[in-house]
Ligand SMILES: Cc1cc2nc3c(=O)[nH]c(=O)nc-3n(C[C@H](O)[C@H](O)[C@H](O)COP(=O)(O)O)c2cc1C
């Protein structure tokens, strides 16, 4: 079975990539992921906040940043708890590149278009094959327009693209009023890859303490629905590679994402739940799903069910929504 895949020009032995998560926080962890069969690894993120702390400008940022920044920072480990500063991150990255034979993708997570972006260049110098940019911005300032929020992404992308020559992917949230149009504009602005989607911060309330509960939860297969839709819509409509992220628990979700048109499928929660060795299960299951149906390569199914390629694209649209709501009183429609 030919599972070989191409992500932003990187030649991968199969389409299953380890998503940015704590499994890549140590060199041993990275080597285990490779030994378990990963085709590429996106490292955990280096946060703008960590870089700023290192530059002793973090306090100033906290004072001048909008409320949205303070809130989104709750999602992440307390800054004091973060042991891995930028230097450790770059060292780990270059050691990982030296110790493995698969592409290692650096990950930068930030929200402003300022000095921290220099680290993109350093990530390239440390040997990363590509860079993933996660602009994790929660616009809680309700005077800020959608256009302003989108502009933030473009500004960051432009700065990063002008400082590195390795491919750059942008990891998005699904919360844009016209997700497809925004993705297309990022594509036009030079994004080499689009990662759809980030697990976005959705705070819960703790009713005992009456505090906001910022914990991140591991994903479930139900979560593929939104990325599946947008990958299906964007397939063959943008030049950038498409990476599916969210909800992969088994090869079922991987096959669906590939049918929608994903170039690669990223996995985090399932590997944290079952351990890195679960990668081999996913690869074997994908292989056998294809063999049983007499496919010779993964390329044969990629995009087969995208918006452009399904026989009836209406199935992605409003008509199916009405059907999905059930027959009942809507029969008369
Ligand atoms: C514990 C944990 C830590 C994560 N850390 C990062 C991170 O540092 N940077 C990032 O871009 N995404 C991070 N993510 C998001 C994952 O890369 C991925 O996009 C998301 O979890 C959805 O995929 P999944 O359903 O396979 O978990 C993290 C996810 C989890 C569960």
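Ordered by the number of other Cβ atoms lying within 10 Å of each residue's own Cβ, fewest first, 256, 308, 161 fall into the sequence 308, 161, 256. With neighbours defined as other Cβ atoms within 10 Å of a residue's Cβ, the residues 230, 289, 116 order from fewest to most as 289, 230, 116.
Here the stretch 133-250 carries DSSP beta bridges of which approximately 25% are antiparallel, counting only pairs with both residues inside.
Ordered by the number of other Cβ atoms lying within 10 Å of each residue's own Cβ, fewest first, 131, 229 fall into the sequence 229, 131. Run the paramagnetic zone check for residue 293: 7 angstrom along Cα to Cβ, then residues of the stretch 240-267 with backbone nitrogen under 14 Å. Label zone hits: 251-262. Among 259-271, 290-302, sorting by the average number of other beta carbon atoms lying within 10 angstrom of each residue, highest first, gives 259-271, 290-302.
All of the numbers you see were taken from the coordinates with simple rules; none came from a lab. In this text, all values refer to a predicted model and were calculated from it rather than measured experimentally. Note that we place each Cβ from the backbone using ideal geometry, even for glycine, and neighbour counts take in every protein chain shown.
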